[in-house]
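Okay, structure first, notes after.
The values are calculated or read from the model by the stated rules, or taken from the named source; none is laboratory data. Quantities reported herein were computed from a predicted structural model and do not represent experimental measurements. Positions of Cβ are backbone-derived with ideal geometry, glycine not excepted, and every protein chain shown enters the neighbour counts. Note: areas computed on protein heavy atoms with side chains; ligands, DNA, RNA excluded. Shrake-Rupley method; radii C 1.70, N 1.55, O 1.52, S 1.80 Å.
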Amino acid sequence: MNTQLPRLVLALTIVALLGYWGWRLFSGMEQPLREALPDLGALASYLFGIVGLLVGLWLIAFLNHRLAFMRWMLRPETAPFYWIWVCVMAWLVFELLQLRTEAVPEFVDENLLVTGVLLVFVIGYGYVADYLRTRRDQLRLMQQTTEAELTALRAQVNPHFLFNALNTIYNEAQRAHNDPVADLIGQLSGLMRYTLQEATRPTTSVESELAFIEKYVALQRVRLPESAKLRVTLRTDSGGQPGEPNPLQMAPLLLIPFVENAFQYGISLEHTSYIDINIEVEGRQLQMQITNSRPPGLGQKHGAGTGIPNARQRLERAYPAWHSLQISHTDKSFTVNLRIDL
Amino acid sequence: MLHAIAIDDEPAALEVLSRYAEKVPFLQLDQTFTSTTNALTYLHQHRVDLVFLDIQMPDLSGTDFARLVAPLQKQIVFTTAHADYALEGFALQALDYLLKPIEFPRFLQTCNRAYAQTTARLGQSSSIFVKDGYDWVRVDLSEVLFIQSDTNLLFIQEQTRQVSTRMTIAEMLATLPSGQFVRVHKSYIVSLRAIRKIERHQLTVGTVTIPLAGSYREVLEQRLLG
């Protein structure tokens, strides 16, 4: 409602203005028009002439800004080219007008005046358009910096403080002989460290990505009850050699969306359910297989998430020709097969 | 026995290390320090094999301290709450790099690595300690023929005995020093010296035949030639 009203007022204003000018034009023409009433064609061509002139003027100014102003005026060392061009254009326009008036000397001052008006319009248009463009860019830039600063601020809950605090809590849990809690804090710290730090880099070691998934699964597992109806297995193998961890690098956080997905849709507390994850690196090839159950009731939720499409997109970008992703499902199970040549 | 000290400005961090050190039979944490000044004097007067060193400390940073004591040739293990990647290059000269909160298996790995290096430096054959049930078993690495993994159990095969321990193969890979061992299969690590025969898809270690996976073949050949 609030945005509609000003627009309506604007439309009314424009209509009123054009109507007023039209009426003015018409009333001035009324007398000759009445005399030459059958000659409507002349009126039409007269109006067309005016509209055509305005459109032509605007077009010249527009093209001048796009082609000449943007090319030369933005840098001081090329600015003279622009002014040379403006002079040439002025000369051309003047000669064109001269041609139209058949170079009669009495019309020279009139032609000069018209050329001048045109020039002022074209040059003015250039400056105004440029001002609008820079202002728009500035606004966008400001918005972007604000966003970037916000994200940076959010990420900067001083990591030193965070992990030292976690370490203190870890110590307290151990002192109280509460090993499960201590372990959980250890895992949580690992997860946070990875997402805050490693994952912000373009690539990370395969080892740390797999360790991240292990911690994630461990944390998820504690949240689930111990039950014979529930099975979560995870096997990872980075394929490294003794004393030298696997030197292979990969884009971070590529695998976790599929694991998250399995936990979101594969686990039910009422029905028998399972998740089996196997991630292996052999040579330069990473292979991941995730199979999970599709317990009734949770199946309808499927498709609402954006995790898998996003993951697919990131895979496309990071390993365009070097990966294959197969997702298949039956009524009872859901399987993801991913292979990446790192 | 490894003699160690720990330096950290936070008492809580030192408590964790002390508690862990008590659990490791071959490690003795002789002293802990909350400032580098006292540690420096101690280092000059006592036998120390291993220094656990925090990086962010108010007076003198861990890295500066490490530079200062570099001539003493102690094994340094950095402990830090937050990894700083500018440090990575420097940390390579250190024995290890532990991120807080430090978990025990990771701590044990570091100690084993330090132990293997120290025993090797003293002219003894290098060895590590693993836990077999409630017992700590010393494994002389030169006696090991191969190591086999079976889900969460590892079987360490020596000439005359077999040791089983609750460990993943990834943990073992991180514990073993480089050079002496090579991985030849998803579940097998063999001692390079113990290999008797290499065939296309298998190799013989001692009297046992072990599968050789295609993806590990290249590494094995490189190790044997280089």
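Before moving on, here are some points about what is shown:
- Listed residues A:E77, A:E209, A:E282, most fluctuating in chain A (Gaussian network, C-alpha, under 10 Å): A:E77
- Taking the Cα centre of the protein assembly as shown as reference, the dipole from Cβ charges on Lys and Arg (+1) and Asp and Glu (-1) amounts to some 1160 debye.
- A dipole drawn for the stretch B:127-225 from +1 and -1 charges on Cβ atoms has a positive end, and of B:S178, B:L220, B:L153 the residue lying farthest that way is B:L220.
- Exposure here means at most 14 other Cβ atoms within 10 Å; with trypsin sites (Lys or Arg not before Pro) in a DSSP loop as sites, the longest stretch of chain A lacking them is A:1-228.
- Shown are A:W21, A:W83, A:W91, whose ranking by accessible area with a 1.4 Å probe and every protein chain present, most to least, is A:W91, A:W21, A:W83.
- Dipole-positive endmost among A:G240, B:Q109, B:V137 within the protein assembly as shown (Cβ charges, Cα centre): B:V137
- Restricting the calculation to Cα atoms, the stretch B:2-121 shows an Rg/Rh of 0.91 when the hydrodynamic-style radius is the Kirkwood one.
- Note on exposure: A:E207, A:E147, A:E260 ranked by accessible area (1.4 Å probe, complete protein assembly) read A:E147, A:E260, A:E207, with the most exposed listed first.
- Computed as a quarter of the hull surface, the mean projected area of the alpha carbon convex hull for the stretch A:162-237 stands at 6.2 nm².
- For q = 0.17, 0.18, 0.19, 0.27 Å⁻¹, Debye-computed log10 I/I(0) when each Cα of the stretch B:148-226 counts as one equal scatterer: -0.65, -0.74, -0.83, -1.54
- Residue ranking by accessible heavy-atom surface, 1.4 Å probe, largest first, among B:D96, A:D179 comes out as A:D179, B:D96.
- Its Cα centre serving as origin, the stretch A:117-197 has a Cβ charge dipole (Lys and Arg +1, Asp and Glu -1) of approximately 340 debye.
- Under 5 Å between amide hydrogens, built in the peptide plane, is the criterion, and for B:D49 it picks out B:H3, B:A4 among residues at least 5 positions away or on other chains.
- Residues considered: A:L315, A:L18, A:L255. Largest GNM mean-square fluctuation over chain A, using C-alpha springs under 10 Å, is found at A:L18.
- Computed from the alpha carbon atoms alone, the convex hull of the stretch A:208-337 holds 111 Å³ per residue.
- Axial C-alpha extent at least 20 Å, average Kyte-Doolittle at least 0.0 - helices from chain A (DSSP): A:4-35, A:40-63, A:79-100, A:108-155, A:179-196, A:206-223
- Kirkwood Rh (inverse of mean 1/r, distinct Cα pairs), the stretch A:78-185, angstrom: 20.6 Å
- √(5λ) per eigenvalue of the Cα gyration tensor, the protein assembly as shown, largest first, Å: 75, 31, 26
- If you model chain B as an ellipsoid using its alpha carbon gyration tensor, with each semi-axis the square root of five times an eigenvalue, the axes come out at 36, 18, 16 Å, biggest first.
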